[in-house]
1. When only residues in region 1-20 that are polar (S, T, N, Q) and in contact with a helix residue (DSSP H, G or I) (Cβ under 9 Å, 6 or more places away or on another chain) count, which is modelled with the highest pLDDT?
2. Report the residue count in region 28-75 for those that are surrounded by fewer than 16 Cβ atoms within 10 Å (Cβ to Cβ), of a type in the set (S, T, Y) and within 16 Å of ligand 1 (Cβ to nearest atom).
3. Of all residues in region 21-76, which are without any contact (Cβ under 8 Å) to a residue 24 or more places away in the chain, of a type outside the set (V, I, T) and in contact with a helix residue (DSSP H, G or I) (Cβ under 8 Å, 6 or more places away or on another chain)?
4. Within region 143-174, take every residue that is acidic (D, E) and more than 9 Å from ligand 1 (Cβ to nearest atom) and give me the one that is nearest to E197 (Cα to Cα).
5. Just a yes or no: is a residue in region 175-189 under 30 Å from M31 (Cα atoms), within 14 Å of ligand 1 (Cβ to nearest atom), modelled with pLDDT of 80 or more and part of a helix (DSSP H, G or I)?
6. Report, by residue number, each residue of region 116-134 that is more than 9 Å from ligand 1 (Cβ to nearest atom) and not aliphatic (A, V, I, L, M).
7. So which strands (runs of 3 or more DSSP E) stay within region 44-145 end to end and still have 2 or more residues that are away from ligand 2 (no atom under 16 Å from the Cβ) and more than 25 Å from T156 (Cα to Cα)?
Amino acid sequence: MTKENANTWLDTPDPQVFIKNSAKFNDLMMMYRCTVREVRTKLEVLNDEFSVEYKRNPISFIKTRIKKPESIYKKLKKLGYEFTAENIQNQLNDVAGIRVVCAFIDDIYTIADLISKQDDITVIQLKDYIKNPKPNGYRSYHMIVEIPVFFSKGKTPMRAEIQIRTNGMDFWATLEHQLRYKQNIEEMDGYTEVSDELLNCARAVIDMDNEMQRIKDKIGQFHDI
Ligand code: GTP
Ligand code: MG
């Protein structure tokens, strides 16, 4: 046990304390699962309404995840914080993660706008990696939101990360993530070439997304879509 880990939840020789701390951690993860459900429902409601109103779905699918204990531990450590319930809640914004995959680029902004306008949602942070893609080609619209969740002990403000992207952006990001994380490509020879090739793929996806949007706008001049 290193000194820098001292006083964290894991640093206790007392089994009773360890059991109590584990229960507290499980309780917190339950709260994040509920947060994800609340946000998912809000998105599904919007998608449902759209399908009745405009006869199409702006959302293709929604994926959710709760950050794994090991990733929570590693991220807190990277930021220089101890592994405690308070630090998880105060320092991490992405324990609850919701990924919204949309049909068209304008659907992303429509969904983001409708979510932002809901009066129980507070937008903490926005990152528009669509207007400003990451240098590697990554594109998505990221929102950190805070939402009240009602538990028996009362109303608790909970944070969640919502990533909104098109099918094309999701296709690229999912494959890039697999290639980058599984193979440690940063360390291999010819990494520059590979990152250029990934960037080219990202450009091809941008062209496709823009073209699909253009076709939608063209059809939209005649039909309300
Ligand atoms: P994290 O420490 O990773 O949470 O980064 P951050 O706090 O700077 O947030 P940012 O908004 O940049 O990224 C958050 C999340 O977006 C990541 O956890 C990924 O899910 C996704 N993401 C960001 N950059 C990339 C990328 O280059 N490739 C892929 N595939 N996903 C990315
Ligand atoms: Mg993250």
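The values are calculated or read from the model by the stated rules, or taken from the named source; none is laboratory data. The model shown is predicted, which means the values in this text are computed figures rather than measured ones. Here the Cβ is made from the backbone with ideal geometry for all residues, glycine too, and neighbour counts use every protein chain on show.
1. If we filter region 1-20 for residues that are polar (S, T, N, Q), which is where we start, we get 2, 5, 7-8, 12, 16.
From what's left, in contact with a helix residue (DSSP H, G or I) (Cβ under 9 Å, 6 or more places away or on another chain): 5, 8, 12.
Details: N5: 49, T8: 67, T12: 71.
Residue satisfying both the conditions and the ranking: T12.
2. Going through region 28-75 one residue at a time, the tally reaches 1.
3. Hit for region 21-76 is L76, nothing else.
4. Pass one, region 143-174, residues acidic (D, E): 146, 161, 170.
Filter once more, keeping what is more than 9 Å from ligand 1 (Cβ to nearest atom): 146, 170.
Values: E146: 38, D170: 17 Å.
The extreme case among them is D170.
5. Yes, there is a match, as at least one residue in region 175-189 is under 30 Å from M31 (Cα atoms), within 14 Å of ligand 1 (Cβ to nearest atom), modelled with pLDDT of 80 or more and part of a helix (DSSP H, G or I).
6. Within region 116-134, the first condition is being more than 9 Å from ligand 1 (Cβ to nearest atom), and the residues that meet it are 116-124, 126, 128, 130-133.
Passing the criteria: S116, K117, Q118, D119, D120, T122, D128, K131, N132, P133.
7. Working: elements: 59-66, 96-102, 122-128.
Once the strands (runs of 3 or more DSSP E) in region 44-145 are filtered for at least 2 residues that are away from ligand 2 (no atom under 16 Å from the Cβ) and more than 25 Å from T156 (Cα to Cα), what remains is 59-66, 96-102.
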